[in-house]
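Colleague: Pasting a structure below so you can have a look.
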Amino acid sequence: MKDTVKFKFLETLDEEAFAAIWRMADYLKMVKYKDTILTDLHGFKSLKLNTQGKYMIYLKETGKSDNWYAELHKSIDIAGDISPSFFTWFPMHQKEFDFTLFKNRLWAAVLLLRMGEPFDESVERYLKENKLVF
C-alpha cells in the first residue's frame with residue numbers, strides 16, 4: 001500500500017484513537033539516499049508507533065498472561081518501534097495466531113499499517129512533491 005493512501009486513511013481517524021497507537025512525524029533530520037546525504041526534510045511524513053500510547057499499556061497488560069505479547073512489548077520498549085525481526089517473523093508464523101481473538105487482530109492491523117512503502121519511494125515522492133531536483 002502506498003503511504004499516501006495509508007496516511008489519508010489514518011488522518012480520518014479520531015485523534016485520540018490515532019494517538020493511542022501512532023504518532024505522525026513530519027520531519028527527517030538526515031537520511032542517506034543513493035549516494036547523497038539529505039538533511040532537514042520538513043514535511044516528510046512517516047508513521048511511528050507511539051511508545052507512550054495506550055497500545056503500549058495494552059501490550060504490557062496482555063503480556064501478563066501471554067508471553068508472546070510480553071516479548072513484543074519488551075522489544076518495542078527497547079527498540080522504540082516494531083523491530084525488523086517482527087516484520088519478517090510474523091508473516092511466516094501468522095497461521096499460529098487465532099484471529100478470532102481481538103488481541104491478534106489488533107496486532108495484525110498495527111503491524112500491517114506500520115509497514116511502509118520502500119523508503120526510496122518515499123524519498124523520491126518527497127523530492128518530487130517539493131520540486132527538488134535530484
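The values are calculated or read from the model by the stated rules, or taken from the named source; none is laboratory data. Not measured: the values here are computed from a predicted model. Please note: Cβ atoms are built from the backbone with ideal geometry, for glycine as well, and neighbour counts cover all protein chains shown.
Colleague: Might you let me know whether the stretch 52-72 holds any residue that is surrounded by 14 or more Cβ atoms within 10 Å (Cβ to Cβ), under 21 Å from K2 (Cα atoms) and small (G, A, S)?
Modeller: no
Colleague: Condition first: under 30 Å from D120 (Cβ atoms), in contact with an Asp or Glu (Cβ under 8 Å, 6 or more places away or on another chain) and either among the hydroxyl-bearing types (S, T, Y) or in a helix (DSSP H, G or I) (or both). Can you find one or more residues in the stretch 29-36 that meet it?
Modeller: yes
Colleague: Mind checking which residues of the stretch 41-62 are touching a Phe, Trp or Tyr at 6+ places or on another chain (Cβ under 8 Å), in a strand (DSSP E or B) and either more than 19 Å from M115 (Cα to Cα) or not aromatic (F, W, Y) (or both)?
Modeller: The answer is L41, H42, G43, K45, L47, K48, L49.
Colleague: Further, regarding this structure: Within the stretch 78-101, how many residues are closer than 17 Å to T51 by Cβ, part of a helix (DSSP H, G or I) and either over 14 Å from the mean Cα position of the chain (by Cα) or β-branched (V, I, T) (or both)?
Modeller: Number of matching residues: 1.
Colleague: With the requirement that a residue be free of Cβ contacts under 8 Å to residues at least 40 places away in the same chain, in contact with a helix residue (DSSP H, G or I) (Cβ under 9 Å, 6 or more places away or on another chain) and part of a helix (DSSP H, G or I), what does the stretch 1-15 give you? I'd like the intermediate steps shown before the answer.
Modeller: First, the residues of the stretch 1-15 that are free of Cβ contacts under 8 Å to residues at least 40 places away in the same chain: 5, 8-9, 11-15.
Cutting the leftovers down to in contact with a helix residue (DSSP H, G or I) (Cβ under 9 Å, 6 or more places away or on another chain) gives us 9, 11.
The answer is F9, and nothing else.
Colleague: Further question on the same structure: Report, ordered by the first and then the second residue, all pairs with beta carbons closer than 7 Å, sequence separation of six or more or different chains, a first member in the stretch 82-93 that is at pLDDT below 90, and a second member that is among the hydrophobic types (A, V, I, L, M, F, W, C) and outside any helix (DSSP H, G or I).
Modeller: Partner pairs satisfying both residue conditions: F87/M115.
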